[in-house]
Structures are given as structure tokens and as C-alpha cells.
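Below you'll find the structure, written out as C-alpha cells, and then a few comments.
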Amino acid sequence: NAGVTQTPKFQVLKTGQSMTLQCAQDMNHEYMSWYRQDPGMGLRLIHYSVGAGITDQGEVPNGYNVSRSTTEDFPLRLLSAAPSQTSVYFCASSTRLSGFGMNTGELFFGEGSRLTVL
Amino acid sequence: AQTVTQSQPEMSVQEAETVTLSCTYDTSESDYYLFWYKQPPSRQMILVIRQEAYKQQNATENRFSVNFQKAAKSFSLKISDSQLGDAAMYFCAYKRGAQKLVFGQGTRLTINP
């Protein structure tokens, strides 16, 4: 019962390098999103997707790209890493299904990825 | 834009006692969800309790309960009979529509044995 899986869990980059954080879910959820967590600021939404082929920006999208080619996967790309992108990143998913007792509104989170940019 | 405010950066409580974490939010909507998430040192985000705004009854999950005051836009979490395993960061969150969760800044809860 995997749920939401993020890789890698830890990564160290040099300024200017690129990388992709992977996120996969096996719950057939329509909605997927990426958050970053910084001390004293809670979690902030970077990008989100309401279904395959559809993405949109969240609160802090600059410096990040996303795509959603399948329902299961939602990778987050850093094209040119900067020290300000040092953070813990969380992927989350949820279902749009509604109906009595079906949609609890809950987001299911991955275990997080700690990224350090030197 | 919706905002969520947790005014207590840190709280501490003696084991077996009761503690209340505060949360206020700002919204013009009438239908939404509110959540409390727990984040232990493992970093995993764990759902503690949820509240649908249309329900007047306060949600309860075992030792965890909320005081939901819709008019005051307040959503506090009460933890009864505190246990060492309750030590964690606690985040209050607001959700309207599909999936955008807006988080508060978090409250670090320490349990003193």
C-alpha cells in the first residue's frame, strides 16, 4: 500500500545545477500538488495539477516547472537551482470524487524530500 | 486570499494534561474544510482531525477534539491526556475546492514527562 512516493529523500546540489524530484501515487487520485516547507512559514503551494495534462501555479512557482503526463506521476523540476530553493519538498494527492462519505477533502502526503543547494 | 494564522510558535504541556493549540483563518467562503496535521521528527505529515465548515458539531478523534467557531473564524485543537508521542509540529490548514491547502506557520508542541 504505497500511497504517495517521493524520490529522492535527500539531495545536495550546487548552484546552477538542475534536478527533478519525482512523485508517484497509486490511489488513482486526480489532484496532485507540490509544497515546500521552510522554518516559520508552514507549507506553501508551488504547483498543482487537477488531472493529466493540466497544471497550474501555486503561491511560490518561480524557479520550478511541472508536467503531468499520467495520472500517477507529477515530477517537479528545478532548472537552475539557487540557495533560496533549499527546503523540504512535499508531494500530495487527493481525489475529486464527491458524494456522501466519499470525499473527505484530505490530502495524502509523501514523506518529503530535503534539498540543499550550496 | 485565504490566510491561516497560528499565533503560538511553541507550546509545552505536562504529560497527561490537556493543551489547546490556536488557529484563526480568514476567508469569505461559506463552504470549506479545516484540518490539523501533525509532523513528528520523521517529517511525515499525519492528519489528526478534519472539520467540514457546514457541520456545526465539533469533530472529535479519540483524545483530539476541535473547537470550531465559524463566525469568529477560529479552529483550535485540544489534546487531552497528552502523551510523549504527541510531541511534534502541528499545522492548521484550510482547504476550499479541489486541493489547495493553505497552512499556518505551525506550533511546536513539547510534552514534559
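Data overview
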read-out: Test item: A:54-60 mean partner chain Cβ contacts at 10 Å; value: 1
read-out: Integer Hz, Karplus 6.51/-1.76/1.60 couplings in order for the stretch A:75-92, x for Gly and Pro; value: x, 10, 10, 9, 7, 8, 4, 10, x, 5, 8, 5, 5, 9, 10, 10, 9, 9
read-out: Per-peptide average of other Cβ atoms within 10 Å, ordering A:60-69, A:32-41 highest first; value: A:32-41, A:60-69
read-out: For q = 0.18, 0.22 Å⁻¹, Debye-computed log10 I/I(0) when each Cα of chain A counts as one equal scatterer; value: -0.88, -1.26
read-out: Cleavage-rule hits, chymotrypsin sites (Phe, Trp or Tyr not before Pro), the stretch B:1-86, DSSP coil, Cβ neighbours within 10 Å at most 10; value: B:54
read-out: Net charge, residue A:87 excluded, C-beta distance under 10 Å - Lys, Arg +1, Asp, Glu -1; value: +2
read-out: Sorted by Cβ neighbour density within 10 Å, fewest at the top, the residues A:114, B:96; value: A:114, B:96
read-out: Debye intensity ratio I(q)/I(0), log10, the protein assembly as shown, q values 0.09 Å⁻¹ (C-alpha model); value: -0.37
read-out: Value in Å of the Kirkwood radius, where the stretch B:40-113 supplies the Cα pairs that are averaged; value: 13.7 Å
read-out: Calculated SAXS-style log₁₀ I(q)/I(0) at q = 0.18, 0.23, 0.25 Å⁻¹ - the stretch B:6-71, Debye, Cα scatterers; value: -0.83, -1.25, -1.38
read-out: Of every Cα-Cα pair in the stretch A:7-63, the percent that sits beyond 17 Å; value: 52 percent
read-out: Relative contact order computed over chain B (Cα-Cα under 8 Å; 6+ residues apart), in percent; value: 37 percent
read-out: The stretch B:55-97: projected area of the alpha-carbon convex hull, averaged over directions, in nm²; value: 4.0 nm²
read-out: Listed residues A:95, A:55, A:15, most fluctuating in chain A (Gaussian network, C-alpha, under 10 Å); value: A:15
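Here, each number is a calculation from the coordinates, and none is a lab measurement. From a predicted model like this one, the values you see are computed outputs, not experimental measurements. A quick note on method: Cβ atoms are made from the backbone with ideal geometry, for glycine too, and the neighbour counts reach across all protein chains shown.
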